[in-house]
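Peer 1: Submitted below is the structure of interest, expressed as structure tokens.
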Amino acid sequence: MVTASPPAIVIAAPSSGSGKTTITTGLIGALARRGHQVAPFKVGPDYIDPGYHGIAAGRPGRNLDPVLVSEERIGPLYRSGSAGCDIAVIEGVMGLFDGRITEDHMPAIAPGSTAQVANILGAPVVLVVDASGHSQSLAAILHGFVSYDPGIDIRGVILNRVGSPRHEYVLRQACDRAGLQVFGAVPRNPEMAVPSRHLGLIPAAERGPEAIAAIEAMTELVGGAVDVPALVAAADIGPAGRSGPVWSADDEVGEQTNDGPGLTVSRPVIAVASGAAFTFGYAEHGELLRAAGAEVVTFDPVVDLLPDGCAGVVIGGGFPEEHAAALASNRPLLTALRAAAGSGIPIHAECAGLLYLSQSLDNHAMAGVLPLRGTFGKRLTLGYRDAVAVTDSVLFDAGTRVRGHEFHRTTVTAVDDSTPSAWGWRRDGVTETEGWTLSGPGTAVHASYLHTHPAGNPEAVSRLVGAARRIRVE
């Protein structure tokens, strides 16, 4: 299908910590209050910010990550996620030109950067500047961003954390010297900071009513300090983003038929972990599971059991270290997961899911599916990985190449070396293996720290559903 898509505005910044999420969420909320149908997006492999965007917009927040899904899918995913909307707001990642760090030549526009996504879509950029440490010299910084790559259409600036009317006056003069429009000046408000922890902001799903109240406050702040109609007028989209193919889960995987040896269930139940401990995921994952023929049922491992008729399990990322005691207390579910793994029910676990399938996490008993012990630490493991499947598994054939992303402060220690690895990759010139698989008669588990984007690897979703359809559910 080919369709036209709405204009977009990209909210970027010179660096991390400038307040992009607060401004973006508030802008989405302000636009929604004015009757706009807003499509919210986040650049990069971020699971937390889209949760805030989604509440403000009243529709799922989605990610645009050229590294994980390929440049070619950015336009189709944008058009899919913005269908039925009249404007899109895209929050950037880190600084405007920051992206994947490569070991060889680094291009001017880094892969996975906000600049790359803006360039692919032909969308204009507005810079959020943390004004708390700036005065006249801001003109030189803005001049550098504008002149660094003239192909990036920087339309203007939102001044954030402005200290006083005099401070605002000086900053506006600086923006004028750089030739950039000021779309608004947001006053300094220490109470507006979104609570964070070791991997960034606390997910909106964990904060409940507090998150809704925070989003309302962001909407009030931005709506009162930013010229929202001017931003709407500045929104635009280039030919590559405006029209073309639309990403479709049905086109990617199609529903499998009930023909063929060993198939026993027409629509297998796939249980997807949710709740406060497992908040990381992509909207496209559920869409692909359903398109492949599954019935998706969410469950909260803190309080729930596996759903009736469960024929497959997906346990994504999150913060199990923050909820380890509560997870350990749900012993019936832990027992059921061990039994499910032992009976051949396919299980796909990423990061938090890997920890949950381990024997223990910070000395709290977990499911014990894998011979591992997990511990929380201070060292952050972060970065994209070019991974190769080193073992045949329920998700991938050995030799399959995948791009994924690691983001965790925990480590796991193997109790024994009997479980095959899932991935191999090179980092800093050294070959590493990571992840664990249980494959063969009666077992079908794939667990790893590596986050993958299902839209970039739809065949893995098809394989999982296909394996689930061969499960005989009592």
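Peer 1: Enter the angle in degrees (range 0 to 90, nearest 10) between the Cα long axis of helix 138-148 and the first principal axis of the Cα atoms of the chain, meaning the one along which they spread out most.
Peer 2: In the chain, helix 138-148 runs at an angle near 60 degrees to the longest axis.
Peer 1: In degrees from 0 to 90, rounded to the nearest 10, what is the angle of the helix 165-177 Cα long axis to the longest principal axis of the chain?
Peer 2: With rounding to tens, the tilt is 90 degrees.
Peer 1: On to the next question. Over region 2-245, what is the mean sequence separation of C-alpha contacts under 8 Å (at least six apart), divided by residue count, expressed as relative contact order in percent?
Peer 2: Working: 525 pairs, mean separation 72.2, N = 244.
Relative contact order for region 2-245 comes out at 30 percent.
Peer 1: Could you derive backbone 3J(HN,Hα) for region 306-317 from the dihedral phi with the Karplus parameters 6.51, -1.76 and 1.60 (θ = phi - 60°), listing whole Hz in sequence and x where the residue is Gly or Pro?
Peer 2: Result, rounded to whole Hz: 5, x, 4, x, 4, 10, x, 9, 10, 10, x, x.
Peer 1: Using only Cα atoms, tell me the angle between helix 209-225 and the longest principal axis of the chain; keep it within 0 to 90° and round to the nearest 10.
Peer 2: Value to nearest ten degrees: 20.
Peer 1: Over the chain, what is the mean sequence separation of C-alpha contacts under 8 Å (at least six apart), divided by residue count, expressed as relative contact order in percent?
Peer 2: RCO, the chain: 15 percent.
Peer 1: Same structure again: Just to check I understand the Karplus step: with θ = phi - 60° and J = 6.51 cos²θ - 1.76 cosθ + 1.60, what whole-Hz values come out for region 32-40, glycine and proline as x?
Peer 2: In residue order, the calculated couplings are 4, 4, 8, x, 6, 8, 9, 9, x Hz.
Peer 1: Starting from the Cα coordinates of region 260-375, work out the convex hull volume and express it per residue in Å³.
Peer 2: Hull volume normalised by residue count: 94 Å³.
Peer 1: Arrange the following residues from fewest to most other Cβ atoms within 10 Å of their Cβ: Lys378, Lys20.
Peer 2: Lys378, Lys20
Peer 1: In terms of modelled amide H atoms, which long-range or inter-chain residues lie less than 5 Å from the amide H of Val157?
Peer 2: Residues meeting the criterion, in which the H sits 1.01 Å from N, are Leu127, Gln181, Val182, Phe183.
Peer 1: Let me ask something else. Taking only DSSP H segments of four or more residues, each worth -39500 (n - 2.57), what value at 222 nm results for the chain once the sum is divided by all its residues, to the nearest 500 deg cm²/dmol?
Peer 2: -8500 deg cm²/dmol
Peer 1: Please give the peptides 235-245, 427-437 ranked by average Cβ packing (other Cβ atoms within 10 Å per residue), highest first, as a rough proxy for protection.
Peer 2: Peptide ranking by packing, descending: 235-245, 427-437.
Peer 1: Rg (Å, one decimal) plus Dmax (Å, integer) for the alpha carbons of region 249-468?
Peer 2: My reading of the Cα-based Rg and Dmax gives 16.2, 51 Å.
Peer 1: How large is ³J(HN,Hα), in whole Hz, for each residue of region 287-304 in order, when computed from phi with the Karplus curve 6.51 cos²θ - 1.76 cosθ + 1.60 and θ = phi - 60°, using x for Gly and Pro?
Peer 2: Those phi angles translate into 5, 5, 4, 5, 5, 6, x, 8, 9, 8, 10, 8, 9, 9, x, 6, 10, 9 Hz.
Peer 1: Quick one: compute the contact order of region 355-473, relative version, from alpha carbon pairs under 8 angstrom and 6+ residues apart, as a percent.
Peer 2: Numbers: 236 pairs, mean separation 25.4, N = 119.
Once normalised by length, the contact order is 21 percent.
Peer 1: What spacing in nm lies between the two simple spin-label points modelled at Arg426 and Ile141, each 7 Å away from Cα in the Cβ direction?
Peer 2: Taking the simple label geometry, Arg426 and Ile141 are separated by 3.8 nm.
Where a number appears in this text, it was derived from the coordinates with a stated rule and is not lab data. The structure displayed is predicted, hence computed values, not measured ones. Ideal geometry is used to build each Cβ from the backbone, glycine not excepted, and the neighbour counts take in all protein chains shown.
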